[in-house]
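Since the structure comes first, as structure tokens, the remarks are kept for the end.
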Amino acid sequence: MPPLNVPLMFEPILGNYDAHIRNFIHFLDTRVDCMLIYDGPLDIHQHIRERTLYALSVQHRPTKKILRNVYPIMLGSQIDLAIRHLQVCSFEADIPTVSNASFQEVDIGRGFFIICGFLRHLPYFFTNDSTHTHMVQKKMVRVFTYDALDRGKELSYYVADCPPKQRGDMVVVGNDGSESTEQVDFFFDHCPYRTDAAAYMAQVYQQNRFDIDSLVNKIVVSPGHLFTKLFVKYLYAPLRKGNWSLIKSKTALVVKSIETGCLLHVLSRKTVYFKEGKSAGKMTVTPHESHREIGSNGEVFVEKTIGCYREVNMQTYPLNPYLSYLIVRQMSNKVKHNSVPSFHDSYLGFLCILGCFETKNVGRTTMMVRNTVVSTCDALDPVFHDAQRDALWTWLQLEPDSHIHPHYFVVINEACVPVTVACFQRIQLEALKQQFQQVECFTESNFMYIRYKVGLLFKRLPGTDVWVTPKDMMFWARKLLQIHTMEELIDRFGYDFITSFHVDLNPLFMHNAFPKNTLAFNALKNAVLATDARYAHYFMDSLSAYARQLTPYHQIVQEPVQDGISPHFALRVPHVVVSYMSFLGCTQEDGIVCRQDVNAFDCCRFYTIRIKIKADGLVMFHPVQGDADETSLVGTVVHFGETLLQLEPFSIHVRTVPIKDQVIQLHFNKPPFRVIQHYLSAHTLSICLEQDHWASTGDKLCSFHGQKGVLRLMKTLPLLDERIQPDLLVNPYSLFRMTPGQILEGVTRGEGRDAQTVRNTDGQIVPDAKAFYAKTFYFPIAYWSSEHFYAPSECTMDKILHQAVKGRSRGGGMRLGNMELFNGLRGNGLAACFEEKFFEHGDRIPNEHNPTISLPKSVELVKEDARFFKCHLKYQANSSVIMRK
């Protein structure tokens, strides 16, 4: 197993962000006469306490005006280290380098942002690349680009008659809807040569190999890229014009977008609303009318109302390096979020699909393959640079062909330049790769393709020093390694070539079923790991959990490199002896029996409750001191002022009890707990609480292989081989739902063997009994039975429907869930259930209002059930005999 090297895992993420920050500084300096500054507190903990945005601001040099908090800072980046360790707060040219910085609590958040007091992670996205020539509805070939003023335009080549357009027509359409044929030859502002777009577009159509699902036609958007786009979209044009009233309103919009996470409306300037269809690989540009938004330069965007941030819980901070490699597939608003995207062959070597669905995000989560990077070069973008004078053109020294029908073409970022034969043969692609490194280039017939832009996925081709993309990987594999198929490439370089770092946690990943891999990774993100409590206290998680102390059972899964950073992320998981056998009738397939004296699964629940304060004088908080007890009192808030003290809790589990006009007690309805710390500011009171949880029957455990089960505690367990008393018993009925990976882990890493003798709890030998036992990693999941007990005798009723409201936290009714519905009612037949209740249970009794009506006793039982489940049932009976008065 390779060692845990956190800086190596973070390098693609933080390196990408640092490169975008440098590009942004250059853009501000050369285009809008601004500089990047940080004007917030140097104590990062103040952002957490006061729930403020940790972000950079932009200062306009001529007027000294400041656009605050328009570029969030990623923890662990070079600019973050410069602010925290060097107290550098202005960045006009470059970012100073910090070497050998001491590790601090905040460094646990490497790869994440602090936004509104929480750690937030913005995953990478990939979406359709409109600046890549593509086919639209089999009627036209289209490409989209921008000029130096960030005004968009599209070039369409008609391959079929679309009245009034005819086959062969080429039209440039601007943002204002104007059409032009004169601008065709000068469509690409980054190209200093005359272009022949028709030849290239005809080639694209004739080959008919355009596939919208291919990674070749996607662009990968990283956090730094997205924040730069957000700034350019709303503030670039107003800054150039000096329109400060518009700048003020747009700055507020940018900050709101960052704080709420609703950033997907700038994910792609043109293609967010391209429908991803699998039929003929076509793109359509017909967004739903209710999802349209007009951009600052007249473009149409789709506004996504759902946030794209992931909230990171500090109970899983050792997983931060693995979670940082997550990437989310951005999907169209017309595609259902729960539909499974097909795995495309182009993903191999670059994306490793997980298949797990995140309900709080759009799309499905995937992972970038290890050692994969996203390009950050924006040298040919006319918005950021004088693109026609870039070093790439100087290096190429193209010789345009002036013939009417040229035969050789060089396509650079979709600009097709006809060149002479000598020029075509002179260009050495190996030297081009060495000079510019992250550039995509290959030849095909009489076309040479070069792409040098932001958002391309690159990885180093093993055995070479060449960086390749999904589009040119096989070209260079054939040229340098004499490998002609992807299968040969995978066979040559192995499993690591197509997987990510998360596989290192479980070397036997490949032996597991795909759903089990998904379940294991989701369970791991909710695991209660042996983390240091000080990090949860520092970041003040709203809800978290951690192991209070390390036990002899806790072992490091992946040994860290001693670099001062990696040891803080070492993953410690209980390594327990697991035996596969039945015990005392515990035959449920997901049942796990645990010996009562095993303390490896004891946890601690952590809460941070926040209360908004409205007062005009001095406010003091007096917390409850001492150990946890059954009282719900948290503390007392005292106000020394004239106006009435007002408290507004942000949690529904906190209630206020006024004692006097200026004295209010706070109660938390989940005792027992201890008050750990509190922070009081002018407007907010934050209180951290801690609650012990001892492992109990009903809790859940899981292995790295997705073998999740429900716990049952027992005092004694059978004795194996006269000396081994297992810590866990897993039912053998679960083997049919188990993957081979867990058994292999027990054999290869847990000294697994068959027990030759088995003694029961009475010490008697069980004849002819055999049981397999082995050490296996099992971790607790933060889903505890003690937090889910709920059987109300009274509940909150809906005033209109006279039914119980939904939700345990609101005092609602008990939920009739899927298991009760399908397993209970539908499985046994709903009509049969009612028939049994009405006619078979108990003796028939007379109706209390009409003794001639004989009803079964089960009717009364049904009424009791109705009251228990808070259902409003009303019975009506027709009299068989009318009683005369």
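The values are calculated or read from the model by the stated rules, or taken from the named source; none is laboratory data. It should be emphasised that the depicted structure is a prediction, and the values quoted were computed from it without experimental measurement. Backbone-built Cβ (ideal geometry, glycine too); neighbour counts: all protein chains shown. All accessible areas refer to the heavy atoms of the entire protein, side chains included, with ligands and DNA or RNA removed. Shrake-Rupley method; radii C 1.70, N 1.55, O 1.52, S 1.80 Å.
Compute the accessible area per residue over the stretch 1-69, keeping the other protein chains in place, probe 1.4 Å, unit Å².
Value returned for the stretch 1-69: 38 Å² of accessible area per residue.
Probe of 1.4 angstrom, ligands and nucleic acids ignored: what's the accessible area per residue over the stretch 664-759, in square angstrom?
That works out to 42 Å² per residue.
I need the chymotrypsin sites (Phe, Trp or Tyr not before Pro) found in the stretch 46-114, filtered to DSSP loop residues with at most 14 other beta carbons within 10 Å of theirs.
Qualifying residues, ordered by number: Phe103.
Distance between Cα centroids, the stretch 636-674 to the stretch 82-146: provide it in whole Å.
41 Å
Quick check: net charge around Ile48, other residues with Cβ under 13 Å of its Cβ, Lys/Arg +1 and Asp/Glu -1?
Local net charge: 0.
Considering just Cα atoms, how many Å³ per residue does the convex hull of the stretch 672-801 enclose?
Measuring per residue, one finds 261 Å³ for the Cα hull of the stretch 672-801.
Taking the stretch 477-597 on its own, what percent of its Cα-Cα pair distances exceed 21 Å?
Details: 4491 of 7260 pairs.
Of all Cα-Cα pairs in the stretch 477-597, 62 percent lie more than 21 Å apart.
What are the extents of the Cα atoms of the stretch 465-523 along their three principal axes, in Å, largest first?
Computed over the stretch 465-523, the largest-to-smallest principal extents equal 43, 18, 17 Å.
Using alpha carbons only, how many angstrom separate the centre of the stretch 14-65 from the centre of the stretch 707-753?
Centre-to-centre distance over Cα atoms comes out at 54 Å.
What FRET efficiency comes out for Gln425 versus Arg389 if R0 is 30 angstrom and r is the Cβ-Cβ distance? Round to the nearest 0.05.
The calculated FRET efficiency here is 0.70.
Rounded to the nearest Å, what's the spacing between the alpha carbon centres of the stretch 442-492 and the stretch 414-440? Just the number, please.
Using only Cα atoms to place each centre, the spacing works out to 15 Å.
Take the Cα atoms of the stretch 562-644, find their three principal axes, and give me the spread along each one in whole Å, biggest first.
70, 46, 24
Counting only protein heavy atoms and a 1.4 Å probe, tell me what percentage of the stretch 172-232's accessible area is made up of carbon and sulfur.
45 percent
Roughly how many percent of the accessible protein surface of the stretch 397-440 is carbon and sulfur, given a 1.4 Å probe and a whole-percent answer? Mind dumping the intermediate values first?
Numbers: 1100 of 2160 Å².
The nonpolar share, carbon plus sulfur, comes to 51 percent.
Restricting things to alpha carbons, find the Rg to Rh ratio for the stretch 113-252 using the Kirkwood radius for Rh.
Working: Rg = 18.7 Å, Rh = 17.8 Å.
Taking Rh as the inverse mean 1/r over Cα pairs, Rg/Rh reads 1.05.
Hand me the trypsin sites (Lys or Arg not before Pro) from the stretch 158-220 located in a DSSP loop with no more than 10 other Cβ atoms within 10 Å, in residue order please. Show your work: numbers first, answer last.
On the way: sites: Lys165, Arg167, Arg194, Arg209, Lys218; in loops: Arg167, Arg194, Arg209.
Here the sparse-neighbourhood loop sites are Arg209.
Give me the percent of Cα-Cα pairs in the stretch 601-644 that sit more than 15 Å apart, rounded to a whole number. List each step's numbers first, then the result.
Numbers: 574 of 946 pairs.
Looking at the stretch 601-644, the distances longer than 15 Å represent 61 percent of pairs.
Accessible area, 1.4 Å probe, largest first: how do Met314, Met140, Met510 sort? Don't skip to the answer; put the middle values down first.
Working: Met314 5, Met140 25, Met510 100 Å².
In descending accessible area the options line up as Met510, Met140, Met314.
Net charge near Pro321, counting Lys/Arg +1 and Asp/Glu -1 over other residues with Cβ under 12 Å of its Cβ?
With Lys, Arg at +1 and Asp, Glu at -1, the net is 0.
Quick check on my link table: of Lys715/Lys775; Lys614/Lys670; Lys256/Lys612; Lys165/Lys229; Lys153/Lys241; Lys218/Lys708, which ones sit more than 28 Å apart, alpha carbon to alpha carbon?
Result: Lys165/Lys229; Lys218/Lys708 exceed 28 Å.
Measuring with a 1.4 Å probe in the full set of protein chains, what accessible area per residue, in whole Å², belongs to the stretch 426-500?
Details: 3150 Å² over 75 residues.
About 42 Å² of surface per residue is accessible.
Quick one: putting +1 on the C-beta of Lys and Arg, -1 on the C-beta of Asp and Glu, what dipole do you get for the stretch 120-188 around its Cα centre, in Debye to the nearest 20?
Working: 8 positive and 10 negative charges, 78 e Å.
Charge dipole of the stretch 120-188: 380 debye, to the nearest 20.
What percentage of the solvent-accessible surface of the stretch 1-159, computed with a 1.4 Å probe over protein heavy atoms, is contributed by carbon and sulfur atoms? Write out the running numbers ahead of the final one.
Numbers: 2430 of 5240 Å².
Answer for the stretch 1-159: carbon and sulfur cover 46 percent of the accessible area.
Starting from 0 in steps of 10 Å, tell me what percent of the Cα-Cα pairs of the stretch 37-153 lands in each bin.
Over the stretch 37-153, the share of Cα pairs per 10 Å bin runs 11, 32, 24, 18, 11, 3, 0 percent.
Give, as a single signed number, the net charge of other residues whose beta carbon lies under 9 Å from the beta carbon of Leu689, with Lys and Arg counted +1 and Asp and Glu -1.
Here the charged neighbours net out to +2.
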